[in-house]
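Shown next, in structure tokens, is the structure this report addresses.
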Protein chains: 2
Amino acid sequence: MRGPTRCSGSLIQIGVRAMRIGKRAARGDVQRALRLGIALLSVLLCTLVHAEELASWRDGPVKQAIIDFVSAVTTPGSAQFIEPPQRIAVFDNDGTLWAEQPAYFQLLFAFDRIKALAPSHPQWKTQQPYAAVLNNDMQALADSGEQGLLKILAATHAGMTTAEFRQIVLDWLGSARHPRFGRPYTELVYQPMRELLEYLRDRGFKTFIVSGGGVEFMRPFSESAYGIVPERVIGSRVATRFTMRGDKPVLIREPIVEFVDDGPGKPVAIDHFIGRPPVFAFGNSDGDLPMLQWTAATPGPHFVALLHHTDGDREWAYDRRSRVGRLDQALDQAVVRGWVVVDMKRDWRRVFAFEGAAQR
Amino acid sequence: MRGPTRCSGSLIQIGVRAMRIGKRAARGDVQRALRLGIALLSVLLCTLVHAEELASWRDGPVKQAIIDFVSAVTTPGSAQFIEPPQRIAVFDNDGTLWAEQPAYFQLLFAFDRIKALAPSHPQWKTQQPYAAVLNNDMQALADSGEQGLLKILAATHAGMTTAEFRQIVLDWLGSARHPRFGRPYTELVYQPMRELLEYLRDRGFKTFIVSGGGVEFMRPFSESAYGIVPERVIGSRVATRFTMRGDKPVLIREPIVEFVDDGPGKPVAIDHFIGRPPVFAFGNSDGDLPMLQWTAATPGPHFVALLHHTDGDREWAYDRRSRVGRLDQALDQAVVRGWVVVDMKRDWRRVFAFEGAAQR
């Protein structure tokens, strides 16, 4: 939906038609007056469609703050106008664009991969941290510490080409189901955020993901789930190595974490990948705080927002004491600095697209 | 100039007008026939303008190969059609988009910075590698080896914020002059390549720089020189560190080379930054070979080209034995694999925009 653009287009067409009708009125061309009526109706319709933008956001101060900011920076002649090339919008992924409970989905992917690969590694039955995953023993896994997690990563995210990994991710997304909702993980995308991304792009913003998740885990679904093309997905990554397999060049994924796009890594990555400061940023946890601070320091108008998970019925309620997506310091900062805080329970009419399907 | 798009647009308009005139012919509306004449004239004009695209390329097999490829992959219904999101075009910078003699311009920038900073470092007069730079003693500099170059880099490219470095680069670009041509370095951009970038973008391609040069050295001028926005500039980089200066977040450039975007680093960077394979690649040296191989391995149609510096009069003539921008293995591969080789002397009507100014 590109409401206003189309609406303005229609208005211009109507203007042109009205002038033509004016010219030809002397000829008594009545039929053309009918066309003007149809055109006016189409503008009414267009306005209704426009009103349906951000449809999953409840009317209130948060929705209004979004609309006011975007309107101010995209209206030519406005004192706050921002040129389109500078309309950079950055979004965290886990807990901001899709859910992150009961654990980051990429971690659940890694566990599923360990189980799928176990038959070819019989020693894993008694070897940690693999045995912990195979027995769903999260305490034993936690005891294996960072070294344990790196072993899981090496076994599941490295040792194949980038093209092979992409296919593994796509196969998993096609078959795996979320433990609580019984649906593909890509259905756990937040419908209001999808609408917000579209709303921004329709107004000339470039929308980027800046996530602690693996960049090559997100890219296979970012285009279909969010309309975000691969080159606008920034994330953590393992090292890759260029080599020739016979006559064919390939990139091999290495068991080396080359970059962690979390916390202070986010402004670093934004600068490396985008090369100019964002004017719009959205996160949900303390790991997003430096990205939000970085955006808040952008000279000129900017918009900084946090999603607060407050809805245990439709999604989850968690913040300061959560192990996943802890929101503590960033929440304090948001209050002090006047950033927008989205209260999921209060501000979202619906959380997931499938809710609507059930309600209708 | 977006020739064909505008021309097709005009043709459609003419079709619509012709139909209207046909309908009204019964009314004897002669004036409208005049309008059709004007419209036809505008298409003729449009065709002439279109012919001016790639104006600095001489007619011949190379120019034709570019036009044929682009036409095949952008014509809807063509068997070779490529969807716009996948029209990824990658260009080396030094020696491909602008000159690289007598040395990479970024190296000349570093030398100028050493000279500018020398008054505050009196010990440099006798300390290598700085003394070598201050005395223009290139042999002594070469003797200082890679460690010497890293010291030069640390002294000139690190220890400041990213914003400060950007301003230093802009100031230098505004004041420094090329030793042979006596012009700002940004005038050493190749006019035919600028036209090619525009030609591709007008047809829905996304043009990226993938250069061994420093990403934060290129971004300050890439938009004005090439029409390439910062987020489409990929290059080598030093590490940056996020920190708060009082209440203000900054990124500090560290004296650590974090990534070298040359040779096998180019496909690695393309995959990290763009996340899909290019369909169009242009380089000029052996450092570009892996990028060209990577592009040549893209399934479906693709275009791979090398610029061969053959024009000692207007620019420079060098290839297999050059210390800067050596072109040896990649030239052999181009012959074996049938890649397009641009012969600067033969294929370019003009090299730099200022030549035209002198000739006219």
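FYI, it's all coordinate maths here, none of it is from the lab. Given the structure is predicted, the values throughout are model-derived calculations rather than measurements. Here the Cβ is made from the backbone with ideal geometry for all residues, glycine too, and neighbour counts use every protein chain on show.
Collect residues whose amide H, placed 1.01 Å from N in the peptide plane, falls under 5 Å from the amide H of A:Phe259; neighbours closer than 5 in sequence don't count.
A:Arg237
Could you tell me the center-to-center distance, by alpha carbons, between segment B:54-95 and segment B:238-263 in angstrom?
37 Å
Between B:Gln80 and A:Arg58, how many nm apart are label points set 7 Å from Cα along the C-beta direction?
5.7 nm
Any idea what the dipole of segment B:263-360 comes to, in debye rounded to 20, about its Cα centre with Lys/Arg Cβ at +1 and Asp/Glu Cβ at -1?
Using Cβ point charges on Lys, Arg, Asp and Glu, segment B:263-360 gives about 140 debye.
With a sphere of radius 9 Å drawn around the Cβ of B:Phe352, what net charge do the other residues whose Cβ falls strictly inside it have (Lys, Arg +1; Asp, Glu -1)?
Residues close to B:Phe352 contribute a combined charge of 0.
Are any of the pairs A:Lys63/A:Lys345; A:Lys151/A:Lys248; B:Lys206/B:Lys266; A:Lys63/A:Lys266; A:Lys248/B:Lys266 more than 20 Å apart by Cα-Cα distance, and if so, which?
A:Lys151/A:Lys248; A:Lys63/A:Lys266
Find every distance from the label point of A:Asp171 to the corresponding label point in the other copies (7 Å from Cα along Cα→Cβ) and write them in nm, one decimal, shortest first.
Computed spacing set for this position: 5.7 nm.
Below 15 angstrom from the Cβ of A:His121, what's the summed charge of the other residues (Lys, Arg +1; Asp, Glu -1)?
Its environment carries a net charge of +3.
For segment A:111-173, what is the relative contact order in percent, using Cα pairs closer than 8 Å and at least 6 residues apart in sequence?
26 percent
Report, for B:Gln80, each distance to the same residue's label point in the other copies, shortest first and in nm; define the point 7 Å along Cα→Cβ.
Spelled out, the distances from B:Gln80's label point are 4.9 nm.
What percent does the relative contact order of segment B:212-360 come to when contacts are Cα pairs within less than 8 Å and at least six residues apart?
Taking the mean separation of contacting Cα pairs over the length of segment B:212-360, I get 14 percent.
Since chains A and B are linked by a rotation, which residue in A has the beta carbon closest to its axis, and how far is it in Å?
A:Phe273, 3
In what sequence, highest mean first, do A:132-138, B:214-220 appear when ranked by Cβ atoms within 10 angstrom?
B:214-220, A:132-138
Just want the ordering: B:Ser78, B:Ser322, B:Ser222, from fewest to most Cβ atoms lying within 10 Å of their own Cβ.
Final ranking by Cβ density, sparse to dense: B:Ser78, B:Ser322, B:Ser222.
Cα gyration tensor of segment B:132-260, axes a ≥ b ≥ c as square roots of the eigenvalues: rounded (a/c below 1.5), prolate (a/b > b/c) or oblate?
Verdict is oblate for segment B:132-260.
Take A:Leu150 and A:Asp171, extend 7 Å from each Cα along the Cα→Cβ direction, and tell me the distance between the two endpoints in nm.
2.8 nm
Cα atoms only, segment A:40-186: Rg and Dmax in Å?
23.2, 73
With contacts defined as alpha carbon pairs under 8 Å and 6 or more residues apart, what's the relative contact order of segment A:61-359 in percent?
21 percent
Starting from a label point 7 Å past Cα on the Cβ side, list the distances from A:Asp68 to the same position in the other copies, nm, shortest first.
Relative to the other copies, A:Asp68 has label-point distances of 6.1 nm.
Towards the positive end of the charge dipole of segment A:61-359, with charges on Cβ (+1 Lys, Arg; -1 Asp, Glu), say which of A:Leu327, A:His121, A:Ile82 has the farthest Cα.
The one lying farthest along the dipole's positive direction is A:His121.
Any idea which of A:Gly287, A:Ser71, A:Pro184 is furthest toward the positive side of the dipole for segment A:61-359, if Lys and Arg beta-carbons carry +1 and Asp and Glu beta-carbons -1?
Ranked along the dipole, the leading option is A:Pro184.
Please give the FRET efficiency for A:Met160 paired with A:Thr126, using the beta carbon to beta carbon distance and R0 = 30 Å, rounded to the nearest 0.05.
Once rounded, the FRET efficiency stands at 0.75.
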